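Right, one structure below, let's go through it.
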Amino acid sequence: MDFLSDLNPQQREAVTAADGQVLVLAGPGSGKTRVLTHRIAWLIREQRIPPYHILAVTFTNRAARVMQERVQNLVEGSLEGIWLGTFHSQCAKLLRREEDLLPFKRNFVIFDEDDQLSLVKKAIHELNLDEKLYRPGGVLAAISNAKNQLILPEEFPARNYREEAGRKVYKLYQEKLEQNNALDFDDLLLWAVRLLADHPDRRDAYAHKFEHVLVDEFQDTNLAQYELLKLLCGYHGNIFVVGDEDQSIYRWRGADYHNVLRFEKEYPDCRKILLEQNYRSTRTVVETARAVIDRNTQRTHKNLFSERGEGLKITLYEAMDDHAEAAYVVDTIAQLISTKEVPGSDLAVMYRTNAQSRLLEEAFIRSGMPYRLVGAQRFYGRREIKDVISYLRLASNPADEISLTRAIGVPPRGIGDKTLTTLALAAQKAGVPPGEVLLDLGRSADASRFWAEFKGRGAALLADFGAMLTNWQKLAAEAALPALFDAIIADSGYQAYLVDGSEEGDIRWENVMELRRLAFEFQELGLVPFLENLALVGDQDTIPEQSDAPTLLTLHAAKGLEFNTVFITGLDEGFLPHSRSRDDPEEMAEERRLFYVGLTRAKDRLYLVRAEQRSGYGAPEWSSPSRFLDDIPASLVTRKGISEKSGKPAHKTEYFTTWTLDRNRNASQEPVEMKYKAGMRVKNENWGEGMVVDARLQDGEERIDVFFDSVGFKRLIASMAKLEIIGEGK
DNA sequence: AAGGCCCTTCTTTTT
DNA sequence: GAAGGGCCTT
C-alpha cells in the first residue's frame, strides 16, 4: 500500500515482517516511531487484525499519545479496543479487571514516591530500627530493586543482619500497602506478573487475546517487564520490539539493556533489523555522537550515518563560571532568535540535574526572554495539589492512611499527634483501618462504639472530620466528580486556608482551580480513573505543545525529542559524568549514553558548554572539563570562551554572586569585601533603580543605604539584598 | 496543638 | 542552598 512508500528498505522490512519475533535496533533519528506506528497500521489495514488483539506499550505517556495519534492518522477506522499505553497504565488496567484474584480492591490507589517513603518510614519505626542507620530512601531503593527483579519479601536475601532488617521492612511495607488498599509503581508490574504466572487460565486468556505485542524503548525494560511480555506473547509468539542499547539511561530504575541480548537468546529465530540511517542530524552531529558512543563496549555496533550535508561545526564554549555559562547560553539564544536563524521553539538547553536549571532560568528572566521548563517543580508535587488529592483519595479509599494523615492535618483543625496515635490504636484494636473508625464516628458520633476511646475534645473533632468524610464518600459514589471536588473544598475550608491575602496564596489557589479543571475533564470516567491518571501521568505531559520559547530540560527528559539547536551545559567532571558514577564502570557507561542521547537530539547546531568554576553546594569550586569532551575529534569543533587565544572571554559575569549571610560563622573570621560605594547606581527586582547613599562595615556586614527612585530610602545588608550594580557613579 | 527557628543533610536521572 | 527534622515557644 502507498503508506509504505515513505519508508526505506530496512524500515519497510521491519514494518512488513512476517509473524514471529522481530527485534529492531534503531539508532537515534532513524525512524523508530515511524516503524512502530506503521507496523501497527499495517497489521490493522493489511493483515486485518482487529485493534483489540493488539497490545502496544511505551514508557511515557507522551510516547503513547504520539503513537496513538500517528496510528490513527494511518488507519481509517476506529482504534477502539486497542491496548496502547505505558507499561504501568496497562498493568493497572489489567489489575482492576482481575481484582477478584488479588488481595486488594478495584479502587486501589497508586502510591507515589512520597507516599512510599512515608510508608517505609512507618515500617522502620514500627520495627524499632534506627532511621539513621537504615535510611528510608536507601531501603526503599532496595525494595524497589527487588520488586523490579520479581523478588518477594520471602526471597529477599538475608545473609547478614542488615539484609535481614531490609527484608523485615520490605515485608511490613507490603503488608501496609495491602492494608492501605494501595500499590506502588513497581507493584503494578509485579502483581501483573504474579497474576499471570499464578493463574494459568488468566495467562492463557490474555495470551490468546493479544495476537500482537509491540514494545517501544525495549532497552529500558526491567526484568519484571520482560517477564510480563513473555507471558503475554506466550501463545501467538508475535512480539515486535524496538530499541537502542545506546540510549539506555534508566539503569537506576531497574532497566537492563541486556534484555536485548536475552531476547535474542530466548528467540533464536527472531528477525533482527538494524536501522542505521539518521535522518535528523547533520553529518558533523552524527560523527560527534558516534565518536562518543563508540567508546562503550558491550553493545551491538551500529554504523550510524547521515546523508544530510556536513553542516556546521559544533561549538565548545568554556566560561569562567556557571553564571557566565548561563549568560552565554541566553545571549547566544537571543542572537539566534533575533536573526531569525532558529525559531525559539526549536531551541533546547539540556543539563544533567534539575538543580542546574536555576541559573539558566535566572539568566532568561533577566534577559526578559520567555522559556519553558520541563519537569523540575512538579505540578502534582505542589503542596496544595497533594493536599486536595489526599482528600479525594481518602473519599475514594478510606483505607489510605497516608492520605488520611495529610488530610486531617490541613487546614489545622486541632487534631494532633496524640489524637492520631489514639486513633491508630483504636483502629488496630478493632482490626479495621483508621478511616473506618473515622467514618463510624462521623455517622453516629457519641453513639459510635469508638467514642469512648477518645477523650472529649479529640472525639468531637474526629467525629466532625468523620462526618465530612462520610459525606464525601457518598458523593464519590453518587455525584459527579466536580461536585465532589467542590464539596471537599467547601467543607474542609481549604480555600479560606490557602487564600490568605498573599500573592503566594493566590497562586496556590490558582493551581487548585487548575486541578479542578482537570477533574472536570474526568467527570465521565469518574474518581478512580482520575486518581490513577494523576498518579501515572508525569509532568512532561502537562507542558503545552505549542510554544515558541526555548525549552529547558534534563538530558533524561530529552530522550525522544529533537531540536534544531541544542545546548548541553555543565560539561564538567562531576556533573556530566555525574560524580556518583565515578567508581562504577557500568554507571560511567550510562553517563556516556546520556551524553549521547543529548548530542543526538540536535538537528543542525550543537553547543557544548562548560565552566572553569561552578558552585556545587555553597561556595564555587574549580572544575575540570568532562572526560567525554576528549573523545570528540578536534576537527569537528570550534572552541570559544576562555580557551580562546585572543585573551579575554567574550562573556564576563556582569552581576556578582550574592552570598547568603552565614550566621553561625563568627563574622570577624571572614573579612567582608566592600562592594558598594556612595554614588553607585543599583537595581533591585522589587524596588527598581536607586543610588547608594552610604556604605559602611558594621557587625561584620557591609551595610548600605540606598535611595530608590520609586520607593525612597532603604537601609540594607549588602549580602542579603539582591542588588545589581548598574553604574559605578562618580 | 501549632508555628517558628535552627540545624543538618544532601543532590541524579522518573514511570 | 533547599528542605526536612528536631526543638523551642506561644
Note to self: Which aspartates and glutamates, if any, have their Cα less than 14 Å from the Cα of A:Lys675, not counting same-chain residues under 8 positions apart?
What the structure shows: A:Glu654, A:Asp694, A:Glu701, A:Glu702, A:Asp705, A:Glu724, A:Glu728
Checklist line | Relative packing of A:22-31, A:404-413, which averages over residues the other C-beta atoms within 10 Å, highest first | finding: A:22-31, A:404-413
Margin query: Using Stokes-Einstein with the Kirkwood hydrodynamic radius over Cα pairs, what translational diffusion coefficient do you get for region A:208-280 at 25 °C and a viscosity of 0.890 mPa s, in µm²/s rounded to a whole number?
Written below: 189 µm²/s
Notebook entry, point to check: How many angstrom separate the Cα center of region A:179-203 from the Cα center of region A:96-139?
Noted result: 15 Å
Next item on the list: With runs of 4+ DSSP H residues as the only contributors, calculate the mean residue ellipticity of chain A at 222 nm using -39,500 (n - 2.57) per run, divided by the residue total and rounded to the nearest 500.
Entry: -13000 deg cm²/dmol
Check: Which FRET efficiency value, to the nearest 0.05, do you get for A:Tyr279 and A:Ala490 by plugging their Cβ-Cβ distance into 1/(1 + (r/R0)^6) with R0 = 51 Å?
Finding: 0.40
Item checked: Relative exposure of A:Asp631, A:Asp506, judged by other C-beta atoms within 10 Å (fewest first) -> A:Asp506, A:Asp631
Check: If R0 is 22 Å, what FRET efficiency do you get for A:Asp500 and A:Thr421 from their C-beta distance, rounded to 0.05?
Finding: 0.15
Notebook entry, point to check: Using 7 Å Cα-to-Cβ label points, what is the A:Glu266/A:Thr638 separation (nm, one decimal)?
Noted result: 4.9 nm
Checklist line | DSSP-defined antiparallel bridges as percent of all bridges, chain A, nearest 5 | finding: 35 percent
Next item on the list: Step through the table entries A:Lys230/A:Lys265; A:Lys32/A:Lys313; A:Lys121/A:Lys147, compare each Cα-Cα distance with 23 Å, and write down the pairs that go over it.
Entry: A:Lys32/A:Lys313
Check: What fraction, in whole percent, of alpha-carbon pairs in chain A exceed 42 Å separation?
Finding: 40 percent
Next item on the list: Would you kindly state how much longer the chain becomes between A:Arg627 and A:Asn128 on full extension, computed as 0.36 nm times their sequence separation minus their alpha carbon distance, in nm to one decimal?
Entry: 175.1 nm
Next item on the list: Tell me the label-point distance for the pair A:Ala447, A:Ile365, using the 7 Å Cα-to-Cβ offset, in nm and rounded to one decimal.
Entry: 5.7 nm
Checklist line | Extension gain, A:Asp584 back to A:Arg681 (0.36 nm per residue minus Cα-Cα distance, nm) | finding: 29.8 nm
Item checked: Residues A:Glu155 and A:Lys93, FRET efficiency given R0 of 30 Å [Cβ-Cβ distance, rounded to 0.05] -> 0.65
Next item on the list: Along Cα→Cβ, 7 Å out, is where each label goes; now give me the distance between the ones at A:Asp6 and A:Asp201 in nm to one decimal.
Entry: 4.8 nm
Note to self: Over 10 Å intervals from 0, what percent of Cα-Cα pairs in region A:341-492 sits in each interval?
What the structure shows: 10, 32, 21, 13, 14, 8, 2, 0
Notebook entry, point to check: If you build the Cα gyration tensor of region A:1-49 and take the root of 5 times each eigenvalue, what three semi-axes come out, in whole angstrom, biggest first?
Noted result: 17, 13, 9
Checklist line | Net +/- balance of residues flanking A:Ala602 in space, Cβ distance below 15 Å, scoring K and R +1, D and E -1 | finding: +3
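Computed from the coordinates by the stated procedures, all read-outs in this text should not be read as laboratory data. This one's a predicted model, so the numbers in the text were calculated from it and none came from an experiment. All Cβ positions, glycine included, derive from the backbone under ideal geometry; neighbour counts span all protein chains shown.
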